[in-house]
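Structure record follows, encoded as structure tokens.
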Amino acid sequence: MPRRLRGMIFCGLESTSDSGIHPLATTDDPAHHRRTGEIMRTQVGIVGAGPAGLMLSHLLHLAGIESIIIEDRSRAYCEARIRAGLIESWAADMMLKNGLGERMQRERMVHNGIYLCFKGELHHIDFQKLVGKKVSIYGQQEVVKDLIAKRLADGTPILFESSNVTLHGI
């Protein structure tokens with residue numbers, strides 16, 4: 001079984017594929033490159049369209065650095081996969097600061113603390129009182145939907161269902 005590389009960054013990525021047309025979510029149609037086997041060039045290649053890879057691509061874009069995101073799953077899979085839903089304050093703040101948190105700010109639930117149960121008794125841990133922070137409850141699949149929408153709106157190629165990708169000239 002091949003080793004899966006997730007969240008890896010490759011500078012100077014070139015991608016060739018002869019595996020046919022796959023659903024690609026991009027405005028400049030890199031499907032042409034995949035159909036013809038032509039080389040795609042980018043400053044940074046990112047493996048994985050999860051929250052980390054998508055956020056990295058966004059931050060690189062803000063710094064004027066182009067990237068391509070390569071994902072072996074479908075867009076539908078990435079956007080529907082249920083995972084964590086608690087977002088720490090630093091992550092929510094980063095999303096808002098970088099123009100990615102408008103829907104999150106509208107739809108999230110905010111918690112100032114949690115309850116832990118020991119020997120049948122609830123004990124409240126008040127984050128706001130202890131450290132001046134709160135957490136947001138907003139599904140990771142929603143974060144991924146927001147990030148994919150922003151990357152596509154900005155013109156970043158996201159190659160879903162990618163295979164047969166090789167690196168050259170590194």
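The values are calculated or read from the model by the stated rules, or taken from the named source; none is laboratory data. This one's a predicted model, so the numbers in the text were calculated from it and none came from an experiment. Cβ sites come from the backbone with ideal geometry, for glycine too, and all protein chains shown count toward neighbours. All accessible areas refer to the heavy atoms of the entire protein, side chains included, with ligands and DNA or RNA removed. Shrake-Rupley method; radii C 1.70, N 1.55, O 1.52, S 1.80 Å.
What to note about this one:
- Of all the listed residues (G113, G139), the sole one being open to solvent by less than 50 Å² (accessible area, probe 1.4 Å), farther than 22 Å from A49 by Cβ and not aromatic (F, W, Y) is G113.
- Residue check for L147: modelled with pLDDT under 95, within 27 Å of M40 (Cα to Cα) and within 20 Å of the chain's Cα centre (by Cα): no
- The residue that is surrounded by the most Cβ atoms within 10 Å (Cβ to Cβ), among those in the stretch 145-170 that are closer than 17 Å to L96 by Cβ and in contact with a Leu (Cβ under 8 Å, 6 or more places away or on another chain), is L147.
- You will find that of R81, R108, the residue that is within 25 Å of I46 (Cα to Cα), basic (K, R) and surrounded by 12 or more Cβ atoms within 10 Å (Cβ to Cβ) is R81 and no other.
- Residues that are over 16 Å from W90 (Cα atoms), in a strand (DSSP E or B) and either of a type outside the set (A, V, I, L, M) or in contact with a His (Cβ under 8 Å, 6 or more places away or on another chain) (or both) within the stretch 107-149 comprise I114, Y115, L116, C117, F118, E121, H123, H124, D126, listed in sequence order.
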